[in-house]
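First the structure, in the form of structure tokens, and then the observations on it.
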Amino acid sequence: MTLELKFPTLHSENLTLRGPQAADFEPLCAFLLDHERAGGFGAEDDRPQAWRWFALNIGHWALRGYGYFTIVDTATNQPCGLTGVWNPEGWPEPELGWVVYAGYEGRGIAHEAATRARVWAYTELGLSTLTSNIVPGNTRSVALAKRLGCTYERTYVNVQMGEDDLYRHPSPADLGLTADIDGSPEATT
């Protein structure tokens, strides 16, 4: 038996955001097992735990209708990270998250992918707000959150990660995202 899920596919200038595929496990596993790189995301200790996270993301999609997209470099068709909306049990509210795999840093991938995922969350999912929950000391994620227009709101205890700083994203109205005349959302920019 197989479960068929229909994931949306999003495009931006240089990237494709798509649902997880079996071949995405290896690059994700390499990321999750790298405690230095994945520490602020939720590093895993072994391949079976990484597999559980991979399957958890697919389950999140099935239960919530959203989750983490695989970020694919459109030019090379290579997976280069994750972005999407995450809201498991115990989270304060939907979060826009991102990670970029080793070798893909410094190319604007996280910004481009998170921007596209945020537009999708506001226009297609109809969310009215998003946060990004960042482990204190993760200066690169804080810099990206600020570049995305987020503002620090508060510190809270994350059920999985411990202390997190919650950054609030601009609202759909602040980003110029409004409903079209027929009621379907569209970007006005």
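The values are calculated or read from the model by the stated rules, or taken from the named source; none is laboratory data. Please read all numbers here as calculations on a predicted model, not as lab measurements. We place every Cβ from the backbone using ideal geometry, glycine too, and count neighbours over all the protein chains shown. What goes into the accessible areas is simple: the full protein's heavy atoms, side chains included, and nothing from ligands, DNA or RNA. Shrake-Rupley method; radii C 1.70, N 1.55, O 1.52, S 1.80 Å.
About the Cα centre, and with charges only on the beta carbon of Lys, Arg (+1) and Asp, Glu (-1), how big is the dipole of region 43-189? Nearest 20 debye, please. Show your work: numbers first, answer last.
On the way: 11 positive and 18 negative charges, 52 e Å.
In debye, rounded to 20, region 43-189 gives about 260.
May I ask you to rank Ile134, Ile58 by accessible area, largest first, using a 1.4 Å probe over the protein chains only?
Values: Ile134 10, Ile58 55 Å².
From most exposed to least exposed: Ile58, Ile134.
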Among residues other than Asn133 whose Cβ falls under 14 Å from its Cβ, what is the net charge (Lys/Arg +1, Asp/Glu -1)? -4
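To the nearest 20 debye, what is the magnitude of the charge dipole of region 93-133 about its Cα centre, counting +1 on the Cβ of each Lys and Arg and -1 on the Cβ of each Asp and Glu? If you can, show how the numbers build up before the last one.
Numbers: 3 positive and 5 negative charges, 26 e Å.
That gives a dipole near 120 debye.
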Give me, ordered by chain and number, the residues 5 or more places off Asn158 or on other chains with an amide H under 5 Å from its own placed amide H. Glu163, Asp164
Using label points projected 7 Å from each Cα along Cα→Cβ, tell me how many nm separate Leu56 and Gln21, to one decimal. 2.5 nm
Whole-Hz Karplus ³J(HN,Hα) for region 154-169, in order, using 6.51 cos²θ - 1.76 cosθ + 1.60 and θ = phi - 60°, x for Gly and Pro? 5, 9, 9, 9, 7, 4, 9, 10, x, 5, 10, 9, 9, 10, 9, 7
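What shape does region 80-166 take by its C-alpha gyration tensor, where a ≥ b ≥ c are the square roots of the eigenvalues and a/c under 1.5 counts as rounded, a/b above b/c as prolate, and the rest as oblate?
On the way: a/c = 1.58, a/b = 1.12, b/c = 1.41.
Note, shape of region 80-166 comes out oblate.
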Put Glu13, Glu153 in order of accessible area, largest first, 1.4 Å probe: what do you get? Glu13, Glu153
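Contour minus end-to-end for Ala143 and Ala30, with contour as 0.36 nm per residue of separation and end-to-end as the Cα-Cα distance? Can you show the working numbers first?
Details: separation 113, 0.36 × 113 = 40.68 nm, distance 2.44 nm.
Extending this stretch completely gives an extra 38.2 nm.
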Could you compute Rg(Cα) / (2.2 N^0.38 Å) for the chain, with N its residue count? 0.99
Provide the net charge surrounding Gly149, with neighbours chosen by a C-beta distance below 12 Å and charges set as Lys +1, Arg +1, Asp -1, Glu -1. +3
Cα→Cβ-extended label distance, 7 Å offset, between Leu5 and Gln49, nm: 2.2 nm
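Work out, in µm²/s and without decimals, the Stokes-Einstein translational diffusion coefficient of region 1-75 at 25 °C, 0.890 mPa s, Rh from Kirkwood over C-alpha pairs.
Working: Rh = 13.3 Å.
It comes out at roughly 185 µm²/s.
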